[in-house]
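Here the structure comes first, spelled out in structure tokens, and everything after it is commentary.
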Amino acid sequence: MSGQHTLPDLPYAYDALEPFISRQIMELHHKKHHQTYVNALNAAEQAYAKASTPKERIALQSALKFNGGGHINHSLFWKNLAPAKSENKGNGGSLHEGPLKKAIVEAFGTFDNLRKEFNTTTAGIQGSGWGWLGVNPQSKRLEIATTSNQDPLLTLTPVIGVDIWEHAFYLQYLNVKVDYLNAIWNVINFEEAEKRYLDAVGGAKL
Amino acid sequence: MSLHHTKHHQTYVTGLNAAEEAYAKASGPKEKIKLQAALKFNGGGHINHSLFWKNLAPTSAGGGEIPSGALKEALERDFGSVDAFKNKMNTATAAIQGSGWGWLGYSPTTSKLEIVTTPNQDPLLSHVPIIGIDIWEHAFYLQYKNVKPDYLKAIWNVINFREAEARFLEAAKQSA
């Protein structure tokens, strides 16, 4: 397992999320940024396997966290996006009646409230990072959280992740983060989100 | 440059003013502490970008040229050569795991020039800033995309070494 990670294929074409996320961004984001995390994670794991002292291992922790987190986060991200229903391309952006919608209403009042709170919290990150909707493993309720840089989400079980690193939107949205955050809800894969939600509330693992 | 200055830096200025107004009205330690993040982020953003614009210069105005003098000598003394300094600065800056800044800084304790990084918009506090390089993606992405090293190589053509030397001389004087 160590040092053998590979870049997962996107579940859709590079232009499938248009007009909400451009083909150019998807190509760079997947083939360059995510690939780089995979390569560096493998290198860090190989170095870790050879490390013989606690000090050497500790020295490798930040590379493992940054690149491991980058790989985890982006792998989750591609799967919680889908071509937009509004474009007749897929099911993206469409939240059907069901346990996830029920849980969203319970936790946030309305779906609109979730989006508003999520976007405000995510836009408020001071630097690079991720916005998350996740399940609290104790209460089993949905909560919003953020992680900085490529830190993986550890306190909640991830249901939806949104990348707010500038590389995720800048070529298309420039400095106008809020436009990206409004647009991305059109391509959120609520079917995948519901699967994760049901796993999280059904099972006991984080 | 246009977006970076009229949008990003302006947003830090606006955010800093708002945070300072709120801080002036804050009634207790808890409220003040709550405002620290906004003051640090926007204050740091304003400080860092203000330094940045001044340590850049068009090539027609001497950008990229390092005059013979105290700064050049100190770089050669502390890094071996100016090229070695640039390489070390680029390596350190490219390695930042997230957003941040690469700095050439003057250490008031050792009197040496050292390379330091700060995350996000944290200002450089441990050293006197001599040259700052913004490595937030907004600083280069439209032109260089994911290829950070190309941006870091290119920017040396517009580093204002005369401003850097002025900062260095002032810093050296202060700690003498």
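Just so it is clear, none of the values below were taken in a lab; they were calculated from the coordinates. Since we're looking at a predicted model, the values are computed, not measured. Positions of Cβ are generated from backbone atoms using ideal geometry, with glycine treated the same way; all protein chains shown enter the neighbour counts.
With a cut-off of 8 Å between alpha carbons and a minimum separation of six or more residues, what is the relative contact order of segment B:59-174 in percent?
33
If each of A:S86 and A:K116 carries a label point 7 Å out from its Cα toward its Cβ, how far apart are those two points in nm?
1.8
For A:N149, list long-range residues whose amide hydrogen, built 1.01 Å from N in the peptide plane, is under 5 Å from its own amide hydrogen.
A:S128, A:G129, A:W130
GNM on chain B, C-alpha springs below 10 Å: top fluctuator among B:K72, B:K25, B:K86?
B:K25
Using θ = phi - 60° and the Karplus relation 6.51 cos²θ - 1.76 cosθ + 1.60, list the HN-Hα couplings for segment B:59-67 in order, rounded to whole Hz, with x at every Gly or Pro.
4, 5, 10, x, x, x, 8, 9, x
When chain B is modelled as a GNM with alpha-carbon springs shorter than 10 Å, which of B:K54, B:K88, B:K32 fluctuates the most?
B:K32
On a 0 to 90° scale, report how tilted helix B:70-79 is relative to the longest principal axis of chain B, with both axes built from alpha carbons and the result rounded to the nearest 10.
It works out to around 90 degrees.
Over the Cα atoms, compute the radius of gyration (one decimal) and Dmax (the largest Cα-Cα distance, rounded to a whole number) for chain B, in Å.
Expressed in Å, the Cα Rg and Dmax of chain B come to 17.1, 53.
Across the residues of B:87-98, average count of Cβ atoms on other protein chains within 10 Å?
That works out to 2 on average.
Span-like helices, chain A: DSSP H, alpha-carbon axial extent 30 Å or more, mean Kyte-Doolittle -1.0 or greater, which ones?
A:54-79
Enter the angle in degrees (range 0 to 90, nearest 10) between the Cα long axis of helix B:10-25 and the first principal axis of the Cα atoms of chain B, meaning the one along which they spread out most.
40
If you wrap a convex hull around the Cα atoms of segment A:23-81, how much volume per residue is inside, in Å³?
Dividing the Cα hull volume of segment A:23-81 by its residue count gives 62 Å³.
Go ahead and set up a Gaussian network model of chain B, Cα springs under 10 Å, then flag whichever of B:L152, B:L39, B:L142 fluctuates most.
B:L142
Assigning unit charges at the beta carbon (Lys, Arg +1; Asp, Glu -1) and nothing else, what dipole magnitude in debye, to the nearest 20, does the protein assembly as shown show about its Cα centre?
540
Distance cut-off 18 Å, Cα to Cα: go down the list A:K55/B:K112; A:K65/A:K195; A:K102/A:K195; A:K102/A:K140 and report the pairs above it.
Where the Cα-Cα span goes over 18 Å, the pairs concerned are A:K55/B:K112; A:K65/A:K195.
What are the aspartates and glutamates whose alpha-carbon lies under 18 Å from the alpha-carbon of A:K32, with same-chain residues fewer than 8 places away excluded?
A:D9, A:D15, A:D163, A:E166, B:E137, B:D150
Run the numbers on chain A and let me know its relative contact order in percent, using alpha-carbon pairs under 8 Å that are six or more apart.
Result for chain A is 24 percent.
For segment B:110-176, with the dipole built from +1 on Lys and Arg beta-carbon atoms and -1 on Asp and Glu ones, taken about the Cα centre, which of B:A171, B:H127, B:V158 lies farthest toward the positive end?
Projecting each Cα onto the dipole axis, the largest value belongs to B:V158.
Output wanted: per-residue J couplings in Hz (rounded whole) for segment A:86-98, from phi through Karplus 6.51 cos²θ - 1.76 cosθ + 1.60, θ = phi - 60°, x for Gly and Pro.
So the J values, rounded to whole Hz, are 5, 9, 6, 10, x, 9, x, x, 9, 9, 7, 4, x.
Taking Cα atoms, how many degrees apart are the long axis of helix B:36-54 and the longest axis of chain B, rounded to 10 and kept between 0 and 90?
Tilt of helix B:36-54: around 30 degrees.
What whole number of Å gives the distance from the Cα centroid of segment A:1-43 to the Cα centroid of segment A:136-206?
After rounding, the separation between the Cα centres reads 17 Å.
Checking the cross-link filter: which aspartates and glutamates have an alpha carbon closer than 14 Å to that of B:K34, excluding same-chain neighbours under 8 positions apart?
The qualifying aspartates and glutamates are B:E20, B:E21.
Rounded to the nearest Å, what's the spacing between the alpha carbon centres of segment B:124-176 and segment B:43-74? Just the number, please.
When both Cα centres are located, 7 Å separates them.
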